[in-house]
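The values are calculated or read from the model by the stated rules, or taken from the named source; none is laboratory data. Remember, predicted model here, so these are calculated numbers, not experimental data. Glycine gets a Cβ as well: all are built from the backbone with ideal geometry, and neighbour counts include every protein chain shown.
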Amino acid sequence: MSQVYKVAVGNVVQVNVKMVIRDGAQDKLFKFTLTATRKTQDEINEKPDVLIKDVLLDNVTDWADQRLVLLENNEPAPFSRAAFEVMLAQPGVLAVIWQAYQRDCAGKEKN
């Protein structure tokens with residue numbers, strides 16, 4: 001009989017995102033949290049032809065406190081795949097979110 005193993009952390013992670021985007025002549029700060037499914041490095045690597053955007057679209061399931069994507073009445077948009085696609089379409093945002101996802105899913109050295 002073979003052993004079944006599991007890791008001691010859940011497969012859902014809160015990803016803290018903090019970025020600035022130039023708005024006119026000033027930088028505007030955006031801080032929010034994404035809820036995402038944690039993937040192992042092997043799961044990410046097993047599909048090398050899949051775009052990072054698609055990995056995020058398939059694994060991010062919610063957000064909190066985001067003020068980048070707005071509705072017509074200037075209220076923050078609730079999470080949806082379509083709203084998240086709008087967010088990821090902004091220059092540089094995909095890279096920032098991908099780095100945050102990798103950082104918050106990964107193990108880190110603690111002093």
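Summary of values
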{"quantity": "Condition check for residue 104: assigned to a strand (DSSP E or B) and of a type in the set (Asp, Glu)", "calculated": "no"}
{"quantity": "Enumeration of residues in segment 69-110 that are more than 16 Å from residue 54 (Cα to Cα) and among the aliphatic types (A, V, I, L, M)", "calculated": "69, 70, 71, 77, 106"}
{"quantity": "Restricting segment 54-92 to residues that are closer than 22 Å to residue 11 by Cα, assigned to a helix (DSSP H, G or I) and among the aliphatic types (A, V, I, L, M), the residue that is nearest to the chain's Cα centre (by Cα)", "calculated": "56"}
{"quantity": "Inter-residue pairs, beta-carbon under 6 Å, first modelled with pLDDT of 85 or more and in segment 1-19, second in a loop (DSSP other than H, G, I, E, B), 6+ apart", "calculated": "11/38; 13/38"}
{"quantity": "Whichever residue in segment 24-53 is over 15 Å from residue 87 (Cα atoms) and of a type in the set (A, V, I, L, M, F, W, C) and, among such residues, is nearest to the chain's Cα centre (by Cα)", "calculated": "36"}
{"quantity": "Residue count for segment 73-109, restricted to those that are among the small types (Gly, Ala, Ser) and over 19 Å from residue 38 (Cα atoms)", "calculated": "5"}
{"quantity": "Residue in segment 36-50 that is part of a loop (DSSP other than H, G, I, E, B), surrounded by fewer than 15 Cβ atoms within 10 Å (Cβ to Cβ) and modelled with pLDDT of 95 or more present", "calculated": "no"}
{"quantity": "Failed condition for residue 31, given (1) part of a strand (DSSP E or B); (2) buried (at least 16 other Cβ atoms within 10 Å of the Cβ); (3) of a type in the set (Lys, Arg)", "calculated": "(2)"}
{"quantity": "Residue 109 vs. criteria at pLDDT 95 or above and not in a helix (DSSP H, G or I)", "calculated": "no"}
{"quantity": "Near pairs, Cβ below 7 angstrom, 6+ apart or cross-chain, from segment 89-111 (under 18 Å from residue 69 (Cα atoms)) to any residue that is in a helix (DSSP H, G or I) and of a type in the set (Val, Ile, Thr)", "calculated": "94/52; 98/52"}
